[in-house]
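Visitor: Sharing a structure, written as structure tokens. Questions coming.
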Amino acid sequence: MSAILNPRVPEGPLAEKWTRRKNEMKLVAPNNKRKYKVLIVGTGLGGASAAASLAEMGYEVESFCFQDSPRRAHSIAAQGGINAAKNYQNDGDSVYRLFYDTVKGGDFRSREANVYRLAQVSTQIIDQCVAQGVPFAREYGGMLANRSFGGAQVSRTFYARGATGQQLLLGAYQALSRQIAAGRIKLHERTEMVDLVLEDGKAKGIIVRDLVTGELTAHAGDAVVLATGGYGNVFYLSTYARGSNATAIWRAYKRGAALANPCFTQIHPTCIPVTGDYQSKLTLMSESLRNDGRMWVPKKQHDSRPPAQIPEDERDYFMERMYPSYGNLAPRDIASRAAKRVCDEGRGVGPNGLGVYLDFADVVKRIGEEGVREKYANLFQMYNEITHEDAYKAPMRIYPAIHYTMGGLWVDYQLMSNVPGLFVVGEANFSDHGANRLGASALMQGLADGYFVLPYTLGDYLAGEKPGSRPKADAASFQTAHKESAARIERLLSIGGKKPVSEFHRELGKILWHYCGMARNDAGLRKALELIPQLRAEFWRDALVPGTGAELNQSLEKANRIADFLELGELLCRDALTRAESCGCHFREEFQEEGECKRNDADYAHVAAWTYNGEGQEPTRNVEPLTYENIKLATRSYK
Amino acid sequence: MNFTLKVWRQKNADASGAFETYEAKDINPNMSFLEMLDVVNDDLTKRGIPPIAFDHDCREGICGTCSLVLNGDPHGPTQGTTTCQVYMRSFQDGDVIVVEPWRVGAFPVLRDLVTDRSAFDRIIQAGGYVSVRTGQAPEANGAPIPHRMAEAAFDAAHCIGCGACAAACKNGSPMLFVAAKVAHLNSLPQGQPERGERVLGMVRALDAEGFGSCTHTTACEAVCPKEIPYDLIVRLNREFLAASAQEAVTPHGHAGGAAG
Ligand SMILES: Cc1cc2nc3c(=O)[nH]c(=O)nc-3n(C[C@H](O)[C@H](O)[C@H](O)COP(=O)(O)OP(=O)(O)OC[C@H]3O[C@@H](n4cnc5c(N)ncnc54)[C@H](O)[C@@H]3O)c2cc1C
Ligand code: FES
């Protein structure tokens with residue numbers, strides 16, 4: 001094991017590890033809690049639930065987000081649902097099964113103990129959210145309804161029509177709001193973290209920029225929590241909100257935090273296809289649609305007939321053909337690659353041949369348009385708004401898109417990074433999803449981390465810190481970081497080039513999608529590793545960042561984030577190049593068996609976590625071996 | 001397609017603003033309105049003109065961040081959508097489009113088309129939640145909630161807090177926003193204990209923020225991107241009256257319970 005990566009997994013049988021650890025953990029006396037200040041960056045599901053829980057426990061909390069309100073965090077956009085091992089449907093679900101599906105779904109590249117704990121607390125999440133007033137879908141008798149999602153053969157997904165993320169986030173936001181009103185959380189909205197501050201090797205504060213006035217300020221705390229979401233926008237086109245970015249984790253990486261598995265990027269099969277160069281984002285159509293929609297393409301190449309004119313026996317229901325036991329519900333990486341394959345064969349549909357049909361004709365026949373409307377109304381409406389097509393009448397056209405980043409800052413079982421006092425929750429950490437995230441598991445992880453794990457593990461850390469010992473925000477380390485941030489902003493503003501920053505972003509995205517997207521190979525990755533540094537150099541020579549630092553300046557915000565993407569993009573390719581195997585979403589063309597991933601457990605059953613060695617230096621690849629005590633490493637088959 | 005944009009420009013909260021005219025050329029009809037603004041902004045940037053600041057994030061109609069008034073309509077000409085879901089094909093080639101920020105006293109303009117809507121957060125802080133302790137919730141299926149009730153709660157809970165209701169209202173009243181949150185929580189069993197306090201707290205916070213009052217013109221319903229119905233305001237008023245009456249009898253913060 002690498003010296004810096006100690007996962008601190010508790011001893012004992014899997015099912016008892018979390019209880020055991022909870023009993024071992026040090027407690028902070030109630031009257032001491034208010035002497036500790038916790039800085040929480042991010043107000044999505046991870047950050048809002050963590051802030052609300054810690055404030056309620058009595059800690060002083062400061063909460064930061066770059067949007068104008070915490071309720072607008074990217075989590076708001078999640079559509080399909082959240083998993084929990086409640087077994088309400090009596091279809092044989094259990095904590096063990098959810099655990100097993102998640103480890104298998106991640107292609108055996110996640111940490112067993114974390115995933116088991118996630119499955120254990122999943123049941124409590126639903127209780128918590130229902131008590132907050134989250135209007136989950138109900139059966140007529142009043143019991144909670146469930147549906148199934150990709151990668152599972154049981155119905156364990158709880159949902160609120162097609163807006164589950166919104167409802168869950170509003171629940172957490174309301175809990176956060178309650179603590180703000182009680183004076184226990186101080187909220188800084190429109191505020192972006194631009195650096196992490198360490199004292200004696202421990203995370204003790206952050207530098208933030210007020211996005212309205214441009215002012216940079218330092219904030220000191222006894223611990224820092226990053227809940228800053230995923231970095232999928234490094235690809236430019238993705239399903240992420242436009243503001244999602246990597247800055248917080250990237251700056252933490254540069255201060256010593258290890259960044260794990262950056263190349264593990266989930267590509268979601270059911271998005272609305274790209275239509276033009278001007279496009280600024282891709283829209284996801286919830287995976288739950290695959291419960292009822294059937295994916296197909298014409299059997300003939302370049303068949304341009306309208307779908308209704310293609311008879312049944314000239315259609316290839318490719319998912320059902322290739323994966324008979326999971327069919328349309330196979331996991332996302334499998335479905336995405338299958339779609340890519342049929343399009344590569346020249347059988348794709350739509351204007352540029354990059355699309356497949358998701359057809360609802362059968363379900364409309366079965367339960368009528370009204371029935372379908374009740375299940376998916378807002379999704380069909382959204383599809384109609386964007387494409388001007390009616391999916392009740394003709395099949396949707398879908399294509400894979402960048403959707404979620406499984407990589408992130410490395411954390412141990414306590415959700416602490418290798419920098420003491422720096423905790424990371426939600427999509428910003430790497431921990432639970434391995435090489436592929438199954439549907440409905442990100443919401444689960446965000447809330448598990450924030451409501452049920454961090455409140456214990458952070459207390460354990462703080463109990464070892466002397467109350468009232470945190471540095472002042474004008475200590476030397478803060479002043480240095482403050483100056484460096486100011487200098488960086490000055491540097492961006494003084495490039496004085498000719499090219500708007502969005503053009504650099506688009507070019508970076510194309511390089512990554514092309515060479516490090518659904519399929520990767522040695523030559524392509526090496527090519528990307530040449531192109532990205534060139535693009536980065538051009539950025540610092542020719543970017544055009546108008547305005548000043550002392551005002552609301554959206555071009556500057558963008559430039560600052562893109563500068564980080566230009567560095568992260570390179571690490572992503574480096575990580576993909578060194579992992580000489582295929583697993584989950586990471587498909588290296590050299591390593592395959594009949595078009596499926598060929599894992600190499602002997603050499604790669606580990607987490608790769610990179611540490612920074614300074615500008616222009618190669619980063620170090622650290623390794624945390626993954627051991628499976630409870631599950632046999634098996635070939636992941638969904639056939 | 002080609003368009004003429006008349007855009008509200010204002011350097012900061014203290015500056016006075018004015019309309020500026022820009023041309024948007026060769027616009028693909030399938031672009032969203034915001035994508036069109038991206039193109040215009042890159043062009044302005046290259047010409048040394050400060051790009052137009054506007055708020056947006058998800059670009060899929062759910063975060064509630066985007067907030068433009070187009071030709072006098074909050075969120076533009078399309079019914080039941082946000083600005084980010086307005087496509088250029090809904091305009092005619094050659095159209096003049098007037099682009100303004102939300103015009104609401106309680107939402108000061110920060111720059112160009114960006115306004116400060118934090119008043120909405122403070123209204124939620126005044127009671128728009130259920131006081132449940134983390135980690136100690138009872139089993140979720142312990143109390144069944146009829147399908148109809150859950151669906152009705154969802155219909156109200158779907159409000160995205162964008163503020164279009166206030167922007168459309170001649171009095172700048174965000175009553176629809178408050179009504180939606182109250183209807184969401186007060187129609188569920190979980191919301192009952194704080195039912196009366198919630199209504200009183202949120203309505204009073206609304207007044208304290210300097211919003212106008214509702215005079216029932218239903219302009220809000222017409223522009224709401226989530227089609228939250230005006231009827232909820234009627235319900236809110238009933239709840240407010242009942243809670244006020246109860247508060248008058250039991251003035252020590254016991255306005256919860258049996259209101260409405
Ligand atoms: C369209 C869509 C549908 C989805 N559907 C599902 C689903 O059905 N089920 C599921 O389980 N998952 C789904 N997901 C994934 C899931 O929504 C996300 O992974 C999850 O919500 C991330 O939550 P988070 O709290 O980690 O981060 P986010 O919600 O992304 O929050 C990040 C927060 O960090 C803040 N922030 C970031 N950087 C900074 C900085 N530098 N300074 C200050 N603040 C900062 C932001 O302001 C924000 O508050 C979906 C995702 C998308 C895009
Ligand atoms: S940008 Fe999110 S609703 Fe328009």
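Visitor: Only residues that are crowded, with 21+ Cβ neighbours inside 10 Å, in a loop (DSSP other than H, G, I, E, B) and more than 14 Å from chain A (Cβ to nearest Cβ): list them for the range B:186-220, please.
Guide: Selection gives B:211, B:214.
Visitor: Another question, then. Considering only residues that are in contact with a helix residue (DSSP H, G or I) (Cβ under 9 Å, 6 or more places away or on another chain) and more than 8 Å from ligand 2 (Cβ to nearest atom), which ones fall in the range B:31-44?
Guide: Answer for the range B:31-44, where residues must be in contact with a helix residue (DSSP H, G or I) (Cβ under 9 Å, 6 or more places away or on another chain) and more than 8 Å from ligand 2 (Cβ to nearest atom): B:31, B:32, B:33, B:35, B:36, B:38, B:41, B:42.
Visitor: Search the range B:45-87 for residues being more than 11 Å from ligand 2 (Cβ to nearest atom) and of a type in the set (Lys, Arg), and hand back the single one that is most open to solvent (accessible area, probe 1.4 Å).
Guide: Here the answer is B:47.
Visitor: Would you check if residue A:420 is over 17 Å from residue A:165 (Cβ atoms), in a loop (DSSP other than H, G, I, E, B) and either of a type in the set (Val, Ile, Thr) or more than 10 Å from ligand 1 (Cβ to nearest atom) (or both)?
Guide: The answer is yes for residue A:420.
Yes/no per residue for (1) at the interface with chain B (Cβ under 7 Å from one of its Cβ atoms); (2) near ligand 1 (Cβ under 8 Å from one of its atoms); (3) farther than 27 Å from residue A:438 by Cβ:
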position	(1), (2), (3)
A:47	no, yes, no
A:57	no, no, yes
A:62	no, no, yes
A:73	no, yes, no
A:77	yes, yes, no
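Visitor: Among the residues of the range B:83-92, is there at least one that is within 26 Å of residue A:382 (Cβ to Cβ) and within 16 Å of ligand 1 (Cβ to nearest atom)?
Guide: Yes - at least one qualifying residue is present in the range B:83-92.
Visitor: Right, next: For the structure I just gave you, tell me whether residue A:10 is within 16 Å of ligand 2 (Cβ to nearest atom), in contact with a helix residue (DSSP H, G or I) (Cβ under 8 Å, 6 or more places away or on another chain), of a type outside the set (Phe, Trp, Tyr) and touching a residue at least 24 places away in the same chain (Cβ under 8 Å).
Guide: no
Visitor: Moving on to the next point. Of the residues that make up the range A:190-203, is at least one at the interface with chain B (Cβ under 10 Å from one of its Cβ atoms) and either touching a Leu at 6+ places or on another chain (Cβ under 9 Å) or open to solvent by less than 10 Å² (accessible area, probe 1.4 Å) (or both)?
Guide: Yes, that holds for at least one residue.
Visitor: Step by step: first the residues of the range B:22-31, then only those that are open to solvent by 50 Å² or more (accessible area, probe 1.4 Å) and out of contact with any Lys or Arg (no Cβ under 7 Å at 6 or more places or on another chain), then the one that is farthest from the other protein chains (Cβ to nearest Cβ). Which residue is that?
Guide: For the range B:22-31, the residue satisfying everything is B:23.
Visitor: Here's another thing I want to ask about it. From the list A:596, A:557, which one is open to solvent by 20 Å² or more (accessible area, probe 1.4 Å) and within 30 Å of residue B:52 (Cα to Cα)?
Guide: Within the list A:596, A:557, the selection yields A:557.
Visitor: Taking the stated definitions as given, is residue A:221 of a type in the set (Gly, Ala, Ser), surrounded by fewer than 24 Cβ atoms within 10 Å (Cβ to Cβ) and away from ligand 1 (no atom under 13 Å from the Cβ)?
Guide: Against the criterion (of a type in the set (Gly, Ala, Ser), surrounded by fewer than 24 Cβ atoms within 10 Å (Cβ to Cβ) and away from ligand 1 (no atom under 13 Å from the Cβ)), residue A:221 does not qualify.
Visitor: Looking at A:4, A:40, A:76, can you tell me which residue is closer than 15 Å to residue A:177 by Cα and not charged (D, E, K, R)?
Guide: Step by step, each of A:4, A:40, A:76 is checked, and only A:40 is closer than 15 Å to residue A:177 by Cα and not charged (D, E, K, R).
Visitor: Check every one of the helices (runs of 4 or more DSSP H) wholly within the range A:424-502 and list those with 1 or more residues that are without any contact (Cβ under 8 Å) to a residue 40 or more places away in the chain.
Guide: The helices (runs of 4 or more DSSP H) meeting that bar are A:476-493.
Visitor: Turning to a different aspect of this structure: Name every residue in the range A:528-545 that is open to solvent by 30 Å² or more (accessible area, probe 1.4 Å) and either in contact (Cβ under 8 Å) with a residue 24 or more places away in the chain or within 13 Å of chain B (Cβ to nearest Cβ) (or both), in order of residue number.
Guide: Across the range A:528-545, the qualifying residues are A:529, A:533, A:536, A:538, A:540, A:541, A:542, A:544.
Visitor: Here is a follow-up. Which of (1) at the interface with another protein chain (Cβ under 8 Å from one of its Cβ atoms); (2) touching a residue at least 12 places away in the same chain (Cβ under 8 Å); (3) open to solvent by 30 Å² or more (accessible area, probe 1.4 Å) does residue B:19 not meet, given it meets every other one?
Guide: Residue B:19 satisfies every listed condition except (1).
Visitor: Next up: Residue check, residue B:177 against (1) touching a Gly at 6+ places or on another chain (Cβ under 9 Å); (2) surrounded by fewer than 24 Cβ atoms within 10 Å (Cβ to Cβ); (3) not basic (Lys, Arg), all met but one. Which one?
Guide: The failed condition is (2).
Visitor: A follow-up question, please. Could you check the range B:92-135 and list, in sequence order, the residues that are facing another protein chain (nearest Cβ under 7 Å) and in a strand (DSSP E or B)?
Guide: B:110, B:111, B:114, listed by residue number.
Visitor: Okay, next question. Being among the small types (Gly, Ala, Ser) and more than 8 Å from chain A (Cβ to nearest Cβ) is the filter; apply it to the range B:32-79 and report the residue that is nearest to ligand 1 (Cβ to nearest atom).
Guide: Going through the qualifying residues, I end up with B:67.
To keep it simple, each residue is scored yes or no on (1) assigned to a helix (DSSP H, G or I); (2) farther than 27 Å from residue A:105 by Cβ; (3) of a type in the set (Gly, Ala, Ser).
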residue	(1), (2), (3)
A:237	no, no, no
A:243	no, yes, yes
A:257	no, no, yes
A:266	no, no, no
A:288	yes, no, yes
A:320	yes, no, no
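Visitor: Kindly provide the set of residues from the range A:148-188 that are within 8 Å of chain B (Cβ to nearest Cβ), assigned to a helix (DSSP H, G or I), among the aliphatic types (A, V, I, L, M) and open to solvent by less than 10 Å² (accessible area, probe 1.4 Å), ordered by number.
Guide: Listed by number, the list holds a single entry, A:170.
The values are calculated or read from the model by the stated rules, or taken from the named source; none is laboratory data. This one's a predicted model, so the numbers in the text were calculated from it and none came from an experiment. As a convention, Cβ positions derive from the backbone with ideal geometry for all residues, glycine included, and neighbour counts pool all protein chains shown. Heavy atoms of the whole protein, side chains included, go into the accessibility calculation; ligands, DNA and RNA do not. Shrake-Rupley method; radii C 1.70, N 1.55, O 1.52, S 1.80 Å.
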